[in-house]
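One structure below.
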Amino acid sequence: MIYLHLFWVFFKIGLFGFGGGMAMISMIRMEVVDNYNWLSANEFTDLLAISQMTPGPISINTATFVGHTQAGILGSAIATFALCLPSILLMIAVLLLFFKHKDSPYVKKTMDFLLPVISGLIIAAAILMCDANSFATPISLLIFGFSLTAHYFYKVNPIVLIVISGVVGYISM
Amino acid sequence: MFSKNNFLGGIFSAFFILFLMKNLTLNLFLSFCKIGAFTFGGGYAMISMVKDCLVDKNKWMTEDDFWDCIALAQALPGVFAINMALYTGLKINGKTGAASAAFGAMLPSFIIIVVIASFFADLNSYESVAKVFAGIRPCVIALIFSPGIAMLKKSKLTIKTLWLPIISLSLICFLGVSPIIVIMVAILLGIISARISYNKIK
């Protein structure tokens, strides 16, 4: 049963995952933390940290990880495969239609609507992750402010920021 | 670590790999393995490495073809890195190429995460590791806010579209609506508004 649930959850996410890894994170969080209670909010945030620190696409890393916590390596394989399956099916559809509609007004107009919605989605995921556990001390706020400024304005590499935050956490908490 | 699930998973993966070995474009597979193993920060960080490898170094495809593939990979839903691997692989060596590239892009992260996940449950019980993660959590949240804000800026909001991010954010945060439903409604609205403006031109 758990395999079926894993497959269904990640298939849906692969199918509606417009806007890159971060937009998918908000979907994965809703399903994994709120709907199925597979992970606690804290565990999910830790898992995200690991997904960002390790190489490869963030959504694949997260799917593999969630699958593993629920059903071992087979769970990982099913979650990852389910996440990629919609892309494969869509590629076959594209082969058949050869993407005649790339410049159609429908596609353009829909993208106009999707971009603002996706940014709302990503910010919602971030807001939902802000809880007392993630901001335990005033130092947490400092780390948050520093990381946001460094990443948004100075494009500092996320791995560098995660390592710095980890060291600061180890020393101060 | 040695549960029934892991045993079954091992057998399943072994068969899958054997099956793929018979139908693989080895060069493409290895190139994407390398790219997958060394790019941090998700699919968009991969673009330059993929271009380096496929267009500049190996000359497997022209630059124009490459950017066509990227545009296609971006427009469709799903994991961007996988889409990119599928379409460049398809261009280079048909369906076999697509399968080899996508599998290569996925495999390194899969292996790395499975290894980490096997140990993580124990690691987290150490106090020092817990401290490190307490420091990392606010940073991870900041790393999600940042692309959200960047995308908000990129979508060039006007007074007519300002309500879109606000409504979708409130629906998800305060009413617990699934992001999948929000995306579906946005697609529907896009199609309807295209239909309306199309009829006007007519």
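The values are calculated or read from the model by the stated rules, or taken from the named source; none is laboratory data. For clarity, every value in this text was computed on a predicted model and none was experimentally measured. Cβ coordinates were reconstructed from backbone atoms using ideal geometry, including for glycine residues, and neighbour counts include every protein chain displayed. These area figures cover heavy atoms from the full protein model, side chains too; ligands, DNA and RNA do not enter into them. Shrake-Rupley method; radii C 1.70, N 1.55, O 1.52, S 1.80 Å.
A DSSP coil position with no more than 11 other Cβ atoms inside 10 Å describes the following trypsin sites (Lys or Arg not before Pro) in segment A:1-103: A:Lys100.
Karplus-derived 3J(HN,Hα) values for segment B:146-163, using 6.51 cos²θ - 1.76 cosθ + 1.60 with θ = phi - 60°, are 4, x, x, 5, 4, 6, 4, 5, 5, 7, 6, 5, 10, 4, 6, 10, 4, 6 Hz; glycine and proline are entered as x.
Buried between B and A is an accessible area of approximately 8600 Å², summed over both sides with a 1.4 Å probe.
What's the average, rounded to a whole number, of partner chain beta-carbon atoms within 10 Å of each residue's beta-carbon in A:138-150? Write out the running numbers ahead of the final one.
Working: counts 0, 3, 6, 1, 1, 8, 7, 2, 3, 9, 9, 2, 4.
Mean shielding count: 4.
Cross-link pairs exceeding 19 Å in C-alpha to C-alpha distance, out of A:Lys109/B:Lys91; A:Lys155/B:Lys153; A:Lys109/B:Lys160; A:Lys12/B:Lys153, comprise A:Lys109/B:Lys91; A:Lys12/B:Lys153.
Extension gain for B:Val115 to B:Lys57 (0.36 nm times residue separation, less C-alpha to C-alpha distance): 17.7 nm. For the peptide B:25-35, the mean number of other protein chain Cβ atoms found within 10 angstrom of a residue's Cβ is 0.
Average partner chain C-beta neighbours within 10 Å, per residue of A:157-167? Provide the component values of the computation, followed by the final result.
Details: counts 3, 10, 2, 0, 6, 6, 3, 3, 11, 8, 3.
Average neighbour count from other chains, rounded to a whole number: 5.
Multiplying the residue separation of B:Thr161 and B:Trp67 by 0.36 nm and removing their Cα-Cα distance gives an extension gain of 30.9 nm.
Using the Cα centre as the reference, give the magnitude of the dipole from point charges on the C-beta atoms of chain A (Lys, Arg: +1; Asp, Glu: -1; all else neutral), rounded to the nearest 20 debye.
540 debye
Remark: the protein assembly as shown carries a charge dipole of roughly 1060 debye about the Cα centre, counting +1 on each Lys and Arg Cβ and -1 on each Asp and Glu Cβ. Just from its helices, what would the mean residue ellipticity at 222 nm be for the protein assembly as shown, if runs of 4 or more DSSP H residues each count -39500 (n - 2.57) and the sum is divided by every residue, rounded to the nearest 500 deg cm²/dmol? So the calculated ellipticity at 222 nm is -27000 deg cm²/dmol.
Spatially, segment A:1-66 and segment B:149-202 are offset by 23 Å when compared through their Cα centroids.
Please identify the helices of chain A, taking whole runs of DSSP H, that span at least 15 Å along their own axis as judged from the Cα atoms and have a mean Kyte-Doolittle score of -1.0 or higher.
Details: long enough: A:2-16 (21 Å, 1.74); A:41-53 (18 Å, 0.38); A:58-97 (39 Å, 1.71); A:105-129 (37 Å, 1.44); A:138-154 (23 Å, 1.21); A:158-172 (21 Å, 2.22).
Helix filter hits for chain A: A:2-16, A:41-53, A:58-97, A:105-129, A:138-154, A:158-172.
For B:Lys131, the aspartates and glutamates whose Cα falls under 13 Å of its own Cα, not counting residues fewer than eight places away in the same chain, are A:Asp46. A crude spin-label estimate for the pair A:Asp131 and B:Asn27, with each label 7 Å from Cα along the Cβ direction, gives 5.1 nm. Gain on full extension, evaluated as 0.36 nm per residue between B:Ala130 and B:Ala150 minus their Cα-Cα distance, stands at 4.1 nm.
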